[in-house]
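The structure appears below as structure tokens.
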Amino acid sequence: MKRMHSLLKRQIAKRLGDINAMPKGWDALLNDVNATYRQMDLDRNVLESTLEMTSQELLQAHSEMNAVFQAFPDLLFRTDRSGTILDHQTSGVTDLPFLKGKLIGKQIFDLVPENVKNKFREGIKKVKKTSPIVSIDYSIAGQDHKSHFEARMLPLLENQIIIIIRNITDRMHAEETLRASEEKYRSLASTTDSMYLVDRDYRYLFMNEGCLTRFDLPLDKIIGRTYGEFHSEKTTTEFVDIVKHVFETGISITQHEYQSERDGRYFLQTFSPVKDNEGITIAVTVASKDVTERKQAEKALAESEEFYRVLAEKSFAGVYVVQDRKFCFFNSNAVSYTEYTPDELIGMESISLVHPDDREQLRKNTKEMLRGERTSPYEFRIITKGGKIQWFMETVTSIVWDGKRAALGNCMSLAERKRMEEEIRALSITDSLTGLHNRRGFLTLAEQQLKFSDRHKKDMLLIFADIDGLKGINDEMGHEEGDKVLIYVAAILKQTLRSSDVVARIGGDEFAVLAMETTELFPKTIMERLQNYIDKYNKEGNRNYKISVSIGTAHYDPENSCSLNELMSRADKMMYKHKRSKKL
């Protein structure tokens with residue numbers, strides 16, 4: 001034998017006492033066993049790499065879900081940008097000395113050892129400046145043991161910071177034990193736990209110590225007995241089928257998952273042929289790796305993902321993820337806002353939903369928020385599948401999704417708020433008695449009409465109308481009768497003028513009209529129509545008064561423009577001139 005494996009040497013020395021006192025005829029078998037140990041080393045490396053890759057995949061998947069819905073670990077603190085604790089969640093942890101007493105109002109730096117305080121300060125500065133996720137590992141020495149912690153800092157809206165502190169003492173102890181172990185390939189966390197050989201009759205030929213510990217029997221009570229004597233019929237049938245296949249084909253079977261009926265632990269098994277000098281399979285080596293912790297982690301992750309998905313679906317906000325400028329996740333609220341189906345939205349260019357007039361500003365706001373230059377929500381409009389325009393307010397944050405950078409958005413519909421704002425705006429520019437525009441509404445619309453007239457070179461006519469003697473009617477007949485006169489004059493103004501003309505009540509008994517595209521006959525025609533309506537009103541009913549309206553007009557020429565105040569002053573003078581003429 002070229003070079004005997006150290007483990008095989010130990011086994012022979014333990015069983016025979018002298019490594020040179022091997023029975024005759026065992027050379028071929030020992031060569032195969034030795035080769036199996038060598039193969040076991042290679043399999044161990046493969047299993048270690050596979051487990052490492054699997055662990056990384058699990059960590060990445062867990063990170064992605066945590067970025068969308070932010071997991072709740074053992075300890076969680078919310079602080080302001082100076083490190084003052086605003087709130088905390090300790091998840092029932094009460095055995096840590098730094099959790100004693102009132103924490104709100106304290107500095108987060110007071111909860112960590114002196115040699116870690118500067119790391120926390122630098123971490124908070126980094127989060128405030130560039131909004132990354134900062135990780136800090138540190139230890140706290142107790143009376144009889146040392147506790148290890150991992151702190152993660154990430155930015156929150158309103159200039160706040162979330163600090164998550166997790167106790168990783170158990171993990172650190174496991175890593176230290178693993179590094180210190182001379183036979184780490186037998187460790188439950190990193191490599192093969194057990195190895196044994198069986199023959200064609202499924203009898204145990206050899207068993208290492210890792211496997212032997214699971215039987216609670218001495219080795220001489222196991223060697224020579226069949227696999228079925230220690231396992232159920234169902235498990236034995238499955239085992240026999242695999243071993244028989246290896247004997248028949250001479251090909252290894254790897255990554256076979258097996259759950260022990262004895263204690264419910266999970267194993268990954270490799271079945272490898274042991275061949276003699278002529279290449280004939282004479283035994284099968286079974287190497288097992290305990291993957292119970294990984295299976296439990298997978299189950300916990302699946303439950304965690306389901307939990308956070310439910311949280312997203314129950315959220316009052318719309319939640320979505322954009323990667324490479326396309327939607328890759330939506331919760332039901334976000335879908336309902338758009339009137340599209342989830343299948344139609346996934347893969348759609350996100351900017352295509354945004355109103356064209358808002359796209360440039362939205363890009364600017366999004367970039368600023370992702371860079372940490374903006375914390376306040378911003379507003380924008382979308383166009384739904386049905387063509388409706390909807391207002392939204394949103395915030396975005398940078399996350400990792402499927403291993404790539406993405407943007408997580410949280411949005412809320414502003415439809416109700418915009419409707420109320422419009423109602424309030426309408427009330428602020430409307431005269432409650434007549435339903436016409438009030439003075440504020442008239443001035444706002446008139447300024448817009450003047451700009452339109454200047455751009456398009458359209459003439460306009462401003463008309464001032466004042467009810468003569470309204471004060472006397474109020475004094476003698478009461479304000480209720482005076483209100484009726486105001487309502488009637490407002491009605492005949494609307495009937496006389498076009499729907500495109502701006503009609504308003506700008507004072508107690510004063511009205512104003514701004515008409516576009518007028519002709520020289522227009523003022524005269526209006527005055528005649530108004531007088532006809534007034535005469536009709538005066539003839540109807542049995543009233544002790546008659547109404548009269550004084551009118552003044554001012555023409556606006558865009559080729560010789562003037563301010564709105566100047567135009568109103570001219571119309572006012574003409575109106576009082578008309579009023580004085582009635583008294584002569």
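The values are calculated or read from the model by the stated rules, or taken from the named source; none is laboratory data. Values in this document were obtained by computation on a predicted structure and should not be read as measured data. Cβ atoms come from the backbone with ideal geometry, glycine included; neighbour counts cover every protein chain shown.
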Count, please, the residues in the range 191-226 that happen to be in a helix (DSSP H, G or I) and of a type in the set (A, V, I, L, M).
-> 2
What number goes with the only condition from (1) assigned to a helix (DSSP H, G or I); (2) of a type outside the set (Ser, Thr, Tyr); (3) at pLDDT below 80 that residue 109 does not pass?
-> (3)
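Please verify whether the range 499-520 includes one or more residues that are assigned by TED's automatic domain parsing to the domain that holds residue 566, touching a residue at least 60 places away in the same chain (Cβ under 8 Å) and assigned to a loop (DSSP other than H, G, I, E, B).
So far as the range 499-520 goes, yes, one or more of its residues are assigned by TED's automatic domain parsing to the domain that holds residue 566, touching a residue at least 60 places away in the same chain (Cβ under 8 Å) and assigned to a loop (DSSP other than H, G, I, E, B).
Filtering the range 227-279 down to residues that are assigned to a loop (DSSP other than H, G, I, E, B) and in contact (Cβ under 8 Å) with a residue 60 or more places away in the chain, which residue is surrounded by the most Cβ atoms within 10 Å (Cβ to Cβ)? Can you show your working first?
We begin by selecting, within the range 227-279, every residue assigned to a loop (DSSP other than H, G, I, E, B); these are 230-232, 250-252, 260-265, 276-279.
When the remaining residues are screened for being in contact (Cβ under 8 Å) with a residue 60 or more places away in the chain, the result is 276-277.
Details: 276: 13, 277: 9.
Within the range 227-279, the match that is surrounded by the most Cβ atoms within 10 Å (Cβ to Cβ) is 276.
Please specify each residue of the range 542-560 satisfying the condition of being farther than 17 Å from residue 466 by Cα and surrounded by 13 or more Cβ atoms within 10 Å (Cβ to Cβ). I'd like the intermediate steps shown before the answer.
Just the residues of the range 542-560 that are farther than 17 Å from residue 466 by Cα, to begin with: 542-544, 555-560.
The answer is 543, 555, 556, 558.
Scan the range 441-468 for residues that are over 53 Å from the mean Cα position of the chain (by Cα) and either closer than 15 Å to residue 560 by Cβ or crowded, with 18+ Cβ neighbours inside 10 Å (or both) and report the count. Let's see the steps before the verdict.
Looking only at the range 441-468, we keep the residues that are over 53 Å from the mean Cα position of the chain (by Cα), and these are 459-468.
Those left that are additionally either closer than 15 Å to residue 560 by Cβ or crowded, with 18+ Cβ neighbours inside 10 Å (or both): 459-467.
Within the range 441-468, residues that are over 53 Å from the mean Cα position of the chain (by Cα) and either closer than 15 Å to residue 560 by Cβ or crowded, with 18+ Cβ neighbours inside 10 Å (or both) number 9.
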For the subset of the range 104-132 comprising residues that are under 29 Å from the mean Cα position of the chain (by Cα) and among the hydrophobic types (A, V, I, L, M, F, W, C), which member is nearest to residue 399 (Cα to Cα)?
-> 127
Are there any pairs with C-beta distances below 9 angstrom linking a residue in the range 371-392 that is under 27 Å from residue 129 (Cβ atoms) to a residue that is in a loop (DSSP other than H, G, I, E, B) and acidic (Asp, Glu), with the two at least 6 apart or on different chains, and if so which?
-> 375/158; 376/158
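Give the range 133-167 a look and list any residue that's of a type in the set (S, T, N, Q), farther than 22 Å from residue 397 by Cβ and not in a loop (DSSP other than H, G, I, E, B), or say none. Can you show your working first?
In the first step, residues of the range 133-167 are kept if they are of a type in the set (S, T, N, Q); the result is 135, 139, 143, 147, 159-160, 167.
Narrowing further to those that are farther than 22 Å from residue 397 by Cβ: 139, 143, 147, 167.
Result: 139, 147, 167.
One line per residue, one yes/no per condition, for (1) touching a helix residue (DSSP H, G or I) at 6+ places or on another chain (Cβ under 9 Å); (2) modelled with pLDDT of 70 or more:
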position	(1), (2)
1	yes, no
4	yes, yes
10	no, yes
23	yes, no
27	no, yes
32	no, yes
41	yes, yes
Pull up the range 328-357, narrow it to residues that are of a type in the set (A, V, I, L, M, F, W, C) and in a helix (DSSP H, G or I), then point me to the one that is nearest to the chain's Cα centre (by Cα).
-> 334
Determine, yes or no, whether residue 554 is assigned to a strand (DSSP E or B) and either farther than 19 Å from residue 461 by Cα or modelled with pLDDT under 90 (or both).
-> no
Hits in the range 491-510 - residues which are buried (at least 17 other Cβ atoms within 10 Å of the Cβ) and hydroxyl-bearing (Ser, Thr, Tyr) = 496
Residue in the range 169-208 that is nearest to the chain's Cα centre (by Cα), counting only those that are modelled with pLDDT under 80 and among the aliphatic types (A, V, I, L, M) | 172
Within the bounds of the range 412-430, is there any residue that is in contact (Cβ under 8 Å) with a residue 60 or more places away in the chain and of a type outside the set (A, V, I, L, M)?
-> yes
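Kindly establish whether residue 48 is of a type in the set (Asp, Glu), surrounded by fewer than 17 Cβ atoms within 10 Å (Cβ to Cβ), modelled with pLDDT under 70 and part of a helix (DSSP H, G or I). Break it down stepwise before answering.
Values: of a type in the set (Asp, Glu): yes; surrounded by fewer than 17 Cβ atoms within 10 Å (Cβ to Cβ): yes; modelled with pLDDT under 70: no; part of a helix (DSSP H, G or I): yes.
No.
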Give 94, 84, 79, 36 a once-over and let me know the one that is at pLDDT below 70 and of a type in the set (Val, Ile, Thr).
-> 94
